[in-house]
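Derivation of every value follows stated rules applied to the coordinates shown; laboratory data play no part. Remember, predicted model here, so these are calculated numbers, not experimental data. As a convention, Cβ positions derive from the backbone with ideal geometry for all residues, glycine included, and neighbour counts pool all protein chains shown.
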Amino acid sequence: MKLAATIARYLLGLIFTVFGLNGFLNFIKQPPPADPNAIHFFTGVAVSHYAYMFFGFQLIAGLLLLSGYFVSLALTILAAELVNILTFHATMNPEGIAPGLLAAVLWIIVFLQYRASFAPLFAAKPPIE
């Protein structure tokens, strides 16, 4: 399981580093979405500069996963990113959901390896220092 989690961590880190950089450098051309609601969504994201934050977090989390430092922080950041990615595809672009699902599966594999880091979050009554 440790080898699988390490491979998944590197793959997930590579995916989010590449697509985070792509958000700034636009070296992978994306076709425009067919759904008019998706076009409106992307227009709002671009005009408000929300995309810079979104891609910045992807890049930071991807680099953290590749480095092996602060993996729990990277997983926390990517959890929010994946919710946004999967929600967008589930509601506006279902045919493009496969890469998001792959990233979610990789995230789960890495999370299971680092689940002890998240144990205090699920304590009903955590100790107060």
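The loop-placed chymotrypsin sites (Phe, Trp or Tyr not before Pro) in the range 1-108, going by DSSP, that have at most 16 neighbouring Cβ atoms within 10 Å of their Cβ come out as Phe27, Tyr69, Phe70. Dipole orientation for the chain: of the candidates Phe118, Leu3, Leu106, Leu3 has the Cα lying most toward the positive pole (charges on Cβ; Lys, Arg +1; Asp, Glu -1). If one puts a single equal scatterer on every Cα of the range 85-129 and applies the Debye formula without solvent, what log₁₀ I(q)/I(0) results at q = 0.23, 0.28, 0.30, 0.34 Å⁻¹? Debye output, listed in q order: -0.78, -0.91, -0.97, -1.08. Taken over the Cα atoms of the chain, the convex hull encloses 138 Å³ per residue. Run the paramagnetic zone check for Leu14: 7 angstrom along Cα to Cβ, then residues of the range 43-76 with backbone nitrogen under 18 Å. Within reach of a label on Leu14, which here means backbone N under 18 Å from a point 7 Å along Cα→Cβ, the range 43-76 contributes 59-69.
Once both labels are positioned 7 Å from their Cα atoms along Cα-to-Cβ, the gap between Ser117 and Ser67 label points is 1.2 nm.
Couplings 3J(HN,Hα) of the range 71-80, computed from phi: 4, 5, 5, 4, 5, 5, 4, 6, 4, 5 Hz, in residue order, whole Hz [Karplus 6.51 cos²θ - 1.76 cosθ + 1.60, θ = phi - 60°; x for Gly and Pro]. In order along the range 87-98, the Karplus-derived 3J(HN,Hα) couplings, from 6.51 cos²θ - 1.76 cosθ + 1.60 at θ = phi - 60°, round to 5, 4, 5, 5, 9, 10, 8, x, 6, x, 7, 4 Hz, and Gly and Pro are given as x.
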